[in-house]
Amino acid sequence: MGELRNFFTPLHRKTSRNYVERMLDDKVACMQVAKEYGARFWDGDRRYGYGGYRYDGRWEAVARQLIDSYGLTEKAKILDVGCGKGFLLHELKRLLPGATVAGFDCSPYALENAKEEVRGNLFQHRAQEPYPYGDKEFDLTISLTTLHNLELFDLKPALAEIERVSKRAYITVEGYRNEQELFNLQCWALTCASFYTPKAWVWLFEEFGYRGDYEFIYFE
Ligand SMILES: C[S@@+](CC[C@H](N)C(=O)[O-])C[C@H]1O[C@@H](n2cnc3c(N)ncnc32)[C@H](O)[C@@H]1O
C-alpha cells in the first residue's frame, strides 16, 4: 500500500476562502458552469472556479519534492492525469530537461491554454477511459485534485489505469476529517463528486487495487 504524502497541502493552505458566502452565491448555477471546465472555470469569475489560473511559478516547490521523493532523473517518464494547463509538468520539464513528460485532461480549454513549452505533450482524454500506454511505462504518474471529480464507478477504472501504467504513482484528492470540514468542502467545491474521509479513500484505494501514494487536502 502507498504512503501518505505532504507535497501539495502547503500550496492549498495559501488560498483564503469564505465558505458560506460561496454557498449563498447561486452555487448550483456556478457548479453547472464549473463542470464544463471551460473558459469560465479557468479564467472567469472566481464564483465559477479558479478566477484566473495563470502560471506564477508556484508549482516549482511541488515539482522539486516529486523529483527528490521519487528519485526522478533526466531519463524519467512522467504522466499527469488531469494535467489542466500543464503547469506542474512544465516545472518538472524545466528542472529535468531530459525527462519525458505527458499529460491529459478532459478540458479542451485547459489544453489550448496550456503552458506553451509542454502543450505538444498534452492531449484530451478522460481519466476513466483506457490510457494509450503500456504496462509500467511511466516512472511516475501524478494526478492532482482531479480524481475526486469522478463518481465512484469512474474512480475504479481511473485508479486501475494509473496503477497499470506506472511504476510509482502519487495522487491528491479532496477529503474531510470532521463535520466542519465536510460542510466547508460542500460549500466550496464546485466540481467534486466523491466526498470521503481519508479512511474511506484508503479503503477505496485498496478495494480498487491502487498501490501508489496519496495526499488529502482539507478545507479547514
Ligand atoms: C482542480 S483542476 C486541477 C488541474 C491540475 N491538476 C492542476 O493542479 O493544476 C481539476 C482538473 O480535472 C480535470 N478533470 C475533471 N474530470 C476529469 C476527467 N474525468 N478526466 C480527465 N480530467 C478531468 C479538469 O478539467 C481539471 O483540469
request  = Determine, yes or no, whether HIS90 is within 14 Å of the ligand (Cβ to nearest atom), open to solvent by less than 60 Å² (accessible area, probe 1.4 Å), under 17 Å from ILE171 (Cβ atoms) and free of Cβ contacts under 8 Å to residues at least 60 places away in the same chain.
outcome  = no
request  = Give the residue that is least open to solvent (accessible area, probe 1.4 Å), with candidates limited to residues of the range 1-36 that are among the acidic types (Asp, Glu) and touching a residue at least 12 places away in the same chain (Cβ under 8 Å).
outcome  = ASP25
ask   = So is GLU60 out of contact with any strand residue (DSSP E or B) (no Cβ under 9 Å at 6 or more places or on another chain), within 16 Å of the ligand (Cβ to nearest atom) and more than 25 Å from SER16 (Cβ to Cβ) or not?
value = no
request  = Those residues that are touching a Gly at 6+ places or on another chain (Cβ under 7 Å), over 25 Å from ALA39 (Cα atoms) and assigned to a strand (DSSP E or B), I need them from the range 75-101; list them, please.
outcome  = none
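Each row is one residue, and each column tells you yes or no for (1) of a type in the set (A, V, I, L, M, F, W, C); (2) closer than 23 Å to TYR196 by Cβ.
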site	(1), (2)
PRO97	no, no
ALA110	yes, no
LEU122	yes, no
PRO132	no, no
THR146	no, yes
ask   = When the range 65-83 is examined, which residues are found to be open to solvent by 10 Å² or more (accessible area, probe 1.4 Å) and more than 16 Å from the ligand (Cβ to nearest atom)?
value = ILE67, ASP68, SER69, TYR70, GLY71, LEU72, THR73, GLU74, LYS75, LYS77
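In the range 177-220, which residue that is in a helix (DSSP H, G or I) and in contact with a helix residue (DSSP H, G or I) (Cβ under 6 Å, 6 or more places away or on another chain) is nearest to ARG164 (Cα to Cα)? Show your work before the answer.
Keep residues of the range 177-220 that are in a helix (DSSP H, G or I), which gives 179-188, 198-207.
With in contact with a helix residue (DSSP H, G or I) (Cβ under 6 Å, 6 or more places away or on another chain) added as a condition, the list becomes 184, 187-188.
Working: ASN184: 34, CYS187: 35, TRP188: 33 Å.
This residue is TRP188.
Counting only residues that are in a helix (DSSP H, G or I) and away from the ligand (no atom under 11 Å from the Cβ), which one in the range 128-160 is farthest from VAL33 (Cα to Cα)? If you could, list the steps in order and put the result at the bottom.
Initially, the range 128-160 is screened for residues in a helix (DSSP H, G or I), giving 147-149, 152-160.
Still in the list and also away from the ligand (no atom under 11 Å from the Cβ): 152-153, 156, 159-160.
Working: LEU152: 22, PHE153: 23, LYS156: 26, LEU159: 26, ALA160: 29 Å.
For the range 128-160, the residue satisfying everything is ALA160.
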inquiry  = So, ARG164, is that one out of contact with any helix residue (DSSP H, G or I) (no Cβ under 7 Å at 6 or more places or on another chain) and open to solvent by 40 Å² or more (accessible area, probe 1.4 Å) or not?
reply    = yes
message = Quick check on the range 106-127. Is at least one of its residues exposed (fewer than 15 other Cβ atoms within 10 Å of the Cβ) and assigned to a strand (DSSP E or B)?
response = yes
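The values are calculated or read from the model by the stated rules, or taken from the named source; none is laboratory data. Worth saying up front: this structure is predicted, and the values here are computed from it rather than measured. Cβ coordinates were reconstructed from backbone atoms using ideal geometry, including for glycine residues, and neighbour counts include every protein chain displayed. The accessibility values were calculated without ligands, DNA or RNA, using every heavy atom of the protein model including side chains. Shrake-Rupley method; radii C 1.70, N 1.55, O 1.52, S 1.80 Å.
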